[in-house]
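Asker: After the structure tokens below, expect a handful of questions from me.
The values are calculated or read from the model by the stated rules, or taken from the named source; none is laboratory data. Remember, predicted model here, so these are calculated numbers, not experimental data. Counting neighbours? That spans all protein chains shown, and the Cβs are built from the backbone with ideal geometry, glycine included. Accessible surface areas use protein heavy atoms only, side chains included; no ligands, DNA or RNA. Shrake-Rupley method; radii C 1.70, N 1.55, O 1.52, S 1.80 Å.
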Amino acid sequence: MRGAQGARAVRAAVETAASLGLDAEDVTVLHDSNKLALRLLPCDVLARVAPVDDQVAEHEVDLAQRLAAAGAPVAALDPRAAPRAYGRDGFVVTLWTYYRPVGVLSPARYADALVRLHAGMRAVDLPAPHVTERVAEALRIVEDRERSPELTDDDRGFLARTLRGASRGLGGAGQLLHGEPHPGNVLSTKDGAVFIDLETYCRGPVEFDLAHADEETGAHYPGADAALLRQCRTLVAAMVTAWRWDRHDRFPDGRRLGVEQLGRLRAAREA
């Protein structure tokens, strides 16, 4: 978030915390894109803030509680606040436990955490969009010139074909997934690995989640279908590339990343 909107979002988080008796005099921005992740001190809370029209916070809170009850390795909501989404000044704020990072996850521990997350998700009965619905949204970005005006016709066609080809055969119910369990969404803490940012949950094959991790992590995940995992890696790369070309994307340095990702996709296709 930029400028006045970002300032308002920070204020909404601070005022929400204060209304619950949590002192938040000092604010550190941990992540800034379409949503803000803030560390509030001295109460030491992680606040996530999103515009009210661009969030599924209530569903994320519900899922986090269900997964915690199932023993899945997920970040906990802050126990000093009621487990819900708080609306303030056009934003939705959720308050989470802040975890101090401890080291780096090894591929084996990363894979084990994903196995345990998926086991917990199989115990949760919750409606969720299918992976193919997320692919369809990426395709809409690519095929709409107003949404992705900087894509050339050649790149637009290539990216659309890649999305369609890599998603072929992925239909069917599947199981509940995180949706984006990349290294930035799993933390190494003193209590073990925990996953954060559950708002992208969806249904599909576990290989779709596993495709967000590196190849060594994939090798430690028992029972993964190697061919399907390769297909999902291409699909995830194409989806991420599409998001970076969205004119509304606010990911830091997103356009440069979009160019680089397109180049890597083309190189992989030509290899």
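Asker: List the trypsin sites (Lys or Arg not before Pro) in segment 33-98 that DSSP assigns to loop (not H, G, I, E or B) and whose Cβ has at most 16 other Cβ atoms within 10 Å. Which are they?
Answerer: Those that pass, being in a loop and sparsely packed, are 80, 84.
Asker: If you don't mind, another one. Starting from the Kirkwood Rh over alpha-carbon pairs, what translational D in µm² s⁻¹ does segment 61-127 have by Stokes-Einstein at 25 °C and 0.890 mPa s?
Answerer: For these conditions, the coefficient is 179 µm²/s.
Asker: Here's another thing I want to ask about it. In bins 10 Å wide, starting from 0, what share of all Cα pairs of segment 20-139 does each bin hold, as a percent?
Answerer: With a bin width of 10 Å, the distribution comes to 12, 34, 39, 14, 1.
Asker: Treat every Asp and Glu Cβ in the chain as -1 and every Lys and Arg Cβ as +1, leave all other atoms uncharged, and give the resulting dipole magnitude about the Cα centre to the nearest 20 debye.
Answerer: Once rounded to the nearest 20, the dipole reads 280 debye.
Asker: If you don't mind, there's one more thing I want to ask. Scan the chain and note any complete DSSP helix (H) whose C-alpha atoms cover at least 20 Å along its axis and whose Kyte-Doolittle average is 0.0 or more.
Answerer: 3-19, 226-244
Asker: A further question follows. For segment 160-200, count all C-alpha to C-alpha pairs, find those more than 17 Å apart, and express that count as a whole percent of the total.
Answerer: Every Cα pair in segment 160-200 considered, those over 17 Å come to 54 percent.
Asker: Suppose R0 equals 35 Å; then what is the FRET efficiency for residue 18 and residue 146 from their Cβ-Cβ distance, rounded to the nearest 0.05?
Answerer: For residue 18 and residue 146, the calculated efficiency is 0.30.
Asker: Something else: Under 20 °C and 1.002 mPa s, how fast does segment 174-257 diffuse according to Stokes-Einstein, given a Kirkwood radius computed over C-alpha pairs? Answer in µm²/s, whole number.
Answerer: Stokes-Einstein gives a translational diffusion coefficient of 153 µm²/s.
Asker: Then there's this: Give the carbon-plus-sulfur fraction of the accessible surface of segment 1-95 in %, rounded to a whole number; probe 1.4 Å, heavy atoms of protein chains only.
Answerer: 51
Asker: With a 1.4 Å probe and all protein chains left in place, how much accessible area per residue does segment 76-122 have, in Å²?
Answerer: Counting only protein heavy atoms, the per-residue value for segment 76-122 is 48 Å².
Asker: PRE reach from residue 25 (point 7 Å along Cα→Cβ): which of segment 36-74 fall under 19 Å by backbone N?
Answerer: 39-46
Asker: Additional query: Please report, largest first and rounded to whole Å, the three semi-axes of the ellipsoid equivalent to the chain, where each semi-axis is the square root of five times an eigenvalue of the C-alpha gyration tensor.
Answerer: Semi-axes, largest first: 31, 24, 16 Å.
Asker: Can you list the residues, at least 5 places off or on another chain, whose amide H is less than 5 Å from the amide H of residue 31, using H built in the peptide plane?
Answerer: Answer set, sorted by chain and number: 37.
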